[in-house]
Structures are given as C-alpha cells and as structure tokens.
Amino acid sequence: QVQLVESGGGLVQPGGSLRLSCAGSGIIFRLYHMGWYRQAPGKQRELVATATKSGTTNYPDSVKGRFTISRDNAKNTVYLQMNSLTPEDTAVYYCNARGLGNDHWGQGTQVTVSS
C-alpha cells in the first residue's frame, strides 16, 4: 500500500521559513515525478513545485526564488524549503507522486503564515 506522509507544517510569521517533508512508503521514489501542491480555503489546488525523476525542478512564478524542492531517493523523501513566507502562502500543502500510470497524494499539512 502506497503512503505519502507530509510533515513540517505549522504557524510561522511573515518573512519566516518552513521546511516540509514528505516520506513515502510502498513505492520506489526514483521511478516517480514528485511534486508539492497547495490549496487555500475557497481556492483550487495549485502547483507549488515539481522535481522530475531526473531531478529537474520547476516552480510557478508565485514561489520562484523563495521555495526549493529537493528529493532524496535513498530515503524515499521529498522536501520543500519555503523562505520569505507571506500570508498568501497560507494553505494545506500536499505531496504528490506521479508515475507508472499512478497518481498518489498525501493527506496534507497545514501551513499558516500570520503575525
């Protein structure tokens, strides 16, 4: 059974940083493209960052230069380093693994940016 478990969310002040982790089990990480998405209340889920199987990363303009995705295939873990956080980054953040015809999601971790 595939499981993706996010951790590292919480409350942070504007300008602060957080590092999210997503630990996977039941899949071979190196065979999957990994991604982070987020969903704010009343909004659609949106892409935050992706890291392909080969390690190529991609970010939307809204987080480019502030967020960094990285993956450790040996640990079956993907990370999201988030810097210079703003209240607009408040959302539930989800980990995604896509590959081999499958699309797996974690349960999400709440990130709240507020003073």
- Query: Using θ = phi - 60° and the Karplus form 6.51 cos²θ - 1.76 cosθ + 1.60, what ³J(HN,Hα) does each residue of the stretch 41-56 get, whole Hz, x for Gly and Pro?
  - Reply: x, x, 10, 6, 5, 10, 6, 10, 6, 9, 9, 6, 4, 7, x, 5
- Message: At most 16 other C-beta atoms within 10 Å and a DSSP loop state: those are the exposed trypsin sites (Lys or Arg not before Pro) I care about. Give me the longest piece of the chain that has none.
- Response: 67-115
- Can you work out the FRET efficiency for the pair residue 58 and residue 11, with r the C-beta to C-beta distance and R0 = 41 Å, to the nearest 0.05? 0.90
- What list of whole percents do you get for P(r) of the chain, with Cα-Cα distances grouped in 5 Å bins up to the one holding the largest distance? 2, 13, 25, 26, 19, 10, 5, 1, 0
- Query: In whole Å and largest first, what semi-axes does the C-alpha gyration tensor of the stretch 3-43 yield when each eigenvalue is scaled by 5 and square-rooted?
  - Reply: 25, 13, 10
- Note on the structure: Looking only at aspartates and glutamates whose Cα falls under 13 Å of residue 43's and that sit 8 or more positions away or on another chain, we get 88, 89
- Query: Ignoring ligands, DNA and RNA, what percent of the accessible area of the chain is carbon or sulfur (1.4 Å)?
  - Reply: 48
- Task: At 0.36 nm per residue, minus the direct Cα-Cα distance, what do residue 33 and residue 75 gain on full extension? Give it in nm, one decimal, please.
- Result: 13.6 nm
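The values are calculated or read from the model by the stated rules, or taken from the named source; none is laboratory data. None of these values were measured; they are calculated from a predicted model. Positions of Cβ are backbone-derived with ideal geometry, glycine not excepted, and every protein chain shown enters the neighbour counts. The protein model used for the area step is the full one, side chains on, heavy atoms only, and it has no ligands, DNA or RNA in it. Shrake-Rupley method; radii C 1.70, N 1.55, O 1.52, S 1.80 Å.
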